[in-house]
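Asker: The structure's right below; bear with me while I get my questions together.
Each reported figure results from applying straightforward, stated rules to the coordinates on display, with no laboratory input. Fair warning: this is a prediction, and the values are worked out from it, not measured in the lab. Cβ placement follows ideal geometry from the backbone for every residue including glycine, while neighbour counts extend to all protein chains displayed.
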Amino acid sequence: MAQYSQYMNNNYLLNPAVAGTEDYIDVKLSYRTQWTGIEGAPKTYYASVNSSLGRLRTQSKRTLHDWSRGFHAIGGLVYRDQTGPIARTGLYGSYTYNLALTRSLRLALGVAVGMQQFSLDGSMLQLYNTSTVIANQASRVPDATVGLWLYNDNFYGGISSSQILGNQLDIAYDPG
C-alpha cells in the first residue's frame with residue numbers, strides 16, 4: 001500500500017473485509033504530500049468506494065439493520081504514490097461476505113484483486129554523465145489482498161495480508 005498515515009480514517013485501504021460495514025455508500029478521497037516545497041517529495045492520493053448489497057432498507061427515513069442475515073459487499077480503490085522519479089499506481093476491486101455470528105457480532109471475509117504498476121521516469125534523473133539516457137521504465141503485476149474483520153457496535157478488529165501473489169518486478173537495464 002502507498003505511503004499514508006491516516007488509516008484509521010479509512011480501514012478499507014488495508015483490509016477489503018471492511019467493505020459494506022457502514023450504513024451508507026462509503027466514498028473517500030485523499031491527497032497527502034510530505035515535505036511540502038521540496039522537489040520530488042512524496043505525494044499520495046487515492047479514491048475508494050464500498051457498499052453493502054441489499055443490506056439496507058429505509059422506513060420513515062430511518063435506516064434499519066437486519067443483523068440476523070449475512071450480506072454481500074463490493075468496493076473499489078485506485079491510488080498513486082510518487083516519490084521523485086519512482087511511482088506506484090494501483091487499481092483494485094473487492095468482494096466481501098459479511099456473516100452474522102450472533103445477534104450483535106459479525107465476521108466479514110474479503111478479497112481484493114487488481115493490478116499494480118511500478119514506474120520510473122528517467123527524465124527526472126540527473127546523472128553525472130549527461131550523455132547517458134535513461135528511458136522510462138514500467139512494470140505491471142497482478143495483485144491480491146485478503147482479510148477478516150470482526151466487529152459490532154462497540155469494537156472492531158481485523159487482519160489482512162497484502163500482495164499475496166508474491167510477484168517479481170521485471171525492470172531491467174540493457175545498455176544496448
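Asker: Jot down the per residue volume, in cubic angstrom and as a whole number, of the convex hull over the alpha-carbon atoms of the chain.
Answerer: 130 Å³
Asker: So how strong a dipole does the chain carry about its Cα centre when Lys and Arg Cβ are +1 and Asp and Glu Cβ are -1, to the nearest 20 debye?
Answerer: Charge dipole of the chain: 720 debye, to the nearest 20.
Asker: For Cα pairs less than 8 Å apart in space and 6+ apart in sequence, what is the mean separation divided by the residue count of the chain, i.e. the relative contact order in percent?
Answerer: Reported as a whole number, the value is 19 percent.
Asker: Moving on to the next point. Tally Lys and Arg at +1 and Asp and Glu at -1 over the other residues with C-beta under 9 Å from the C-beta of T44: what net charge comes out?
Answerer: +2
Asker: Mind telling me which of D153, D23, D143 comes out most flexible in a GNM of the chain, alpha-carbon contacts under 10 Å?
Answerer: The residue that fluctuates most here is D153.
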